[in-house]
1. How big a patch of accessible area, both sides summed and in Å² to the nearest 100, lies buried between A and C at a 1.4 Å probe?
2. List the pairs from C:LYS46/C:LYS194; C:LYS94/C:LYS153; C:LYS116/C:LYS190; A:LYS123/C:LYS46 whose alpha-carbon separation is above 23 Å, in the order I gave them.
3. Between the stretch C:77-151 and the stretch C:13-45, what is the separation of their alpha carbon centroids in Å?
4. Taking 30 Å as R0, compute the FRET efficiency from the Cβ-Cβ separation of C:ALA34 and B:ARG39 and round it to 0.05.
5. Evaluate Rg over Rh across the stretch A:24-157, taking Cα atoms for both radii and Kirkwood's formula for Rh.
6. Calculate the length of the line joining the C-alpha centroid of the stretch C:161-207 to that of the stretch A:13-28, in whole Å.
7. Among A:ALA98, A:VAL52, C:SER10, which residue has its Cα positioned farthest towards the positive end of the charge dipole of the protein assembly as shown, with +1 placed on the Cβ of Lys and Arg, -1 on the Cβ of Asp and Glu, and the dipole taken about the Cα centre?
8. Given a Förster distance of 35 Å, report the FRET efficiency between A:GLU75 and C:LEU133 from their Cβ-Cβ distance, rounded to the nearest 0.05.
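The values are calculated or read from the model by the stated rules, or taken from the named source; none is laboratory data. Nothing here was measured: the structure is a model prediction, and the numbers come from that model. We place every Cβ from the backbone using ideal geometry, glycine too, and count neighbours over all the protein chains shown. Just so you know, the surface numbers come from the protein's heavy atoms only, side chains and all, with ligands and any DNA or RNA stripped out. Shrake-Rupley method; radii C 1.70, N 1.55, O 1.52, S 1.80 Å.
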Amino acid sequence: MHPIRKKRLTIVLFLIAGVAVAVGLTTYALRQNINLFYDPSQISAGEAPVDVRIRAGGMVEEGSVVRDPESLEVEFRVTDFSASVPVVYVGILPDLFAEGQGVVAMGKLNGKGRFVADQVLAKHDENYMPPEVAEALAKSAKARGENGEGTGAPSTY
Amino acid sequence: MAFDSFTAFIAMEGHGPYVWTCYGVFFLLVAAMMVWSWRRHQAELKSCRRVHEAADGSGRGSAQPTPATFTRVKVSQD
Amino acid sequence: MWQIFHKLGSPKWFFGIATRLMPWLLAGALALLAVGLVWGLAFAPKDYLQGNSYRIIFIHVPSAFLAQSVYIMMASAAVVTLVWRMKLADVFVKAVAPVGLVLTFLALFTGAVWGKPTWGTWWIWDARLTSMLILLFLYGGAIALDRAINDEKSAARAVAVLVLVGVVNIPIIKYSVEWWNTLHQPATFKLTEKPSMPAEMWVPLLLSVLGLYLMFGWLACLRMQTEILVREQRTRWVKEHVLARRAG
């Protein structure tokens, strides 16, 4: 390789490396702002600010959804399988909202550790399957004895 | 076939508007990109041809190279 | 080895190869896209959660995938422009930047329309969506910068530097869903694992991705040829080419 070209190549590589380091450090410093939401472990560890609009995300805990029969109020727990946070929400939930599904809720954490949401978004995973397969999976999980999260829905969110 | 009828295919159980908007915009933009690129290519070919024919013809003193080029292009298409 | 490399850079040589390749690229692209998209739209089973709205994946993923790989190709060409000063590399960058812009727009648009029924929102400033928007601006910036500078050589270098600096965004797009909490789901296709969907869903998706790849190939060849004609208009081989075409 021609020495001039070698020199140019070195400059180019340094340029990329420099920019990569700069961007890497910036995103590392801003990582809390880049995260779209706090997960339940962070909230219960007290990492999330109280009375500030934040987002909380995780899975809707199985059997935790309580709908108020007279209004649109819903209460459920959001979990990441190591901690969970109670969420209150008044409004229409997205179609994909269900127990065992991922959600991202926007709202404020009150003093009592409850999350008062004003918007709930459904977060789905990268798994796709036909309805029949999902049913069959759920059935076989049931047959194996109902241990824990043995539903058709995968345990990642 | 995942659908029972053509109407069901269009409706997509209520998701029709979303799905068809996406596919519509996709086809529109891809087709537009193809047509636009093709036309630009043809225009450029034509302009190159005009330049070289003008250069060739200048010795013989052809006064109007452009209309002549245009007719000749048409003939060449068969 | 370097000799072959330099021969590859000859616009005349490329022009001939492209002319021979293009019919195959176009035929392959149309066939694969037709099979993949009709399969995905009408024959693939619906998803157990999202129902039929997930069918948008068959255009969303190919567009997003291409948008990123076109950028990587542009960045590689930018290195060649800066180090070897090869004209063809610059021709490539200039010819495909608008295609990348359209593909990025398509990925964002189809994602927004898909997000409404599934997430409950058109747009959210999460890491994946935002980094994809930055990609759109990078494409736009490269096009604008090229137009803003009149001198061909300075334009080529300036655009190459911009494209190279922007390449840092590509790993951020790719890993955003793993590094940070995002609303966007992780990748369906991974190199190391089986795809997280059954074959009757991922086969049409793969066909669409390949189809759009070939479509990009065709567009790139055509647009590069156009750009070569603009730059080499007065050379003898272009003269022979255009005049031979008229006669034949």
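1. Result for this pair: about 3700 Å² buried.
2. Where the Cα-Cα span goes over 23 Å, the pairs concerned are C:LYS116/C:LYS190.
3. If you average the Cα positions of each part, the centres end up 22 Å apart.
4. 0.80
5. Radius of gyration over Kirkwood radius for the stretch A:24-157 works out to 1.01.
6. The stretch C:161-207 and the stretch A:13-28 have Cα centres separated by 21 Å.
7. Working it through, the farthest residue towards the positive pole turns out to be C:SER10.
8. Efficiency, from the Cβ-Cβ distance: 0.50.
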